[in-house]
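Just below is one structure, and these are the notes that go with it.
The values are calculated or read from the model by the stated rules, or taken from the named source; none is laboratory data. The shown structure was predicted, so the numbers you read here are calculated from the model rather than taken from an experiment. Neighbour counts run over all protein chains shown; Cβ positions are idealised from the backbone, glycine included. Please note that ligands, DNA and RNA were not included when accessible areas were found on the heavy atoms of the full protein model with its side chains. Shrake-Rupley method; radii C 1.70, N 1.55, O 1.52, S 1.80 Å.
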Amino acid sequence: MSNPVITINAVDLTDQCNSAVLTRVIEALESTSFGKTARVYVGGLENSTLTVSLMNSFAASETYATLAALVGTATTVTLKPTSAATSATNPISTLTGCYLETLPIVNGQLGALDVIDLVFTGGVYSVATS
């Protein structure tokens, strides 16, 4: 992805984001029974994650203003590979009802940008091509 688009709670934070990793996870439940010679698993609950690095901005409608009220709540995030129209070759992935547990307020270092790392967990994963 060279030009991805990310929205958090319907706010486009693409201009503040420099890293995004969406990982789809279906937890494994062991269903091995007596007499088996190898472990057997079935899919359990989904527990996908979106990890993002954002440059922390305190301006209106930017990073802090968008995220402050989301800590401890469920929200919706979207990620698209490029800024082009949504299509089969540029699908938009959505986590609906994902949870933001923590929000670093300041990550300051001398001579460096204030960049915060966030993890959104859970929610329902979906993908659209139009």
Working only within the range 20-67, note down all residues that are out of contact with any strand residue (DSSP E or B) (no Cβ under 6 Å at 6 or more places or on another chain), touching a residue at least 40 places away in the same chain (Cβ under 8 Å) and hydrophobic (A, V, I, L, M, F, W, C).
Leu67
Which residues, taken from the range 97-118, are open to solvent by 70 Å² or more (accessible area, probe 1.4 Å) and either under 14 Å from the mean Cα position of the chain (by Cα) or in contact (Cβ under 8 Å) with a residue 12 or more places away in the chain (or both)?
Tyr99, Glu101, Thr102, Ile105, Val106, Leu113, Asp117
Residue satisfying all of: in the range 119-130; within 12 Å of Leu79 (Cβ to Cβ) and touching a Leu at 6+ places or on another chain (Cβ under 7 Å); surrounded by the most Cβ atoms within 10 Å (Cβ to Cβ) among these:
Phe120
If Thr86 satisfies every condition in (1) over 20 Å from Tyr125 (Cβ atoms); (2) open to solvent by less than 50 Å² (accessible area, probe 1.4 Å) but one, which is the exception?
(1)
Output the qualifying pairs, or none if there are none: Cβ atoms under 8 angstrom, residues six or more apart or on different chains, first residue in the range 8-19 and hydrophobic (A, V, I, L, M, F, W, C), second residue part of a helix (DSSP H, G or I).
Ile8/Thr66; Ile8/Leu67; Ile8/Leu70; Val11/Thr66; Leu13/Thr63; Leu13/Thr66
Look at Phe58 and say whether it is under 15 Å from Ala10 (Cα atoms) and surrounded by 12 or more Cβ atoms within 10 Å (Cβ to Cβ).
no
Say whether the condition of being loosely packed, with under 11 Cβ neighbours inside 10 Å, free of Cβ contacts under 8 Å to residues at least 12 places away in the same chain and assigned to a loop (DSSP other than H, G, I, E, B) is met by at least one residue in the range 68-78.
no
Go through the range 30-54 residue by residue and tally those that are in contact with a Cys (Cβ under 9 Å, 6 or more places away or on another chain) and either in a loop (DSSP other than H, G, I, E, B) or open to solvent by 50 Å² or more (accessible area, probe 1.4 Å) (or both).
1
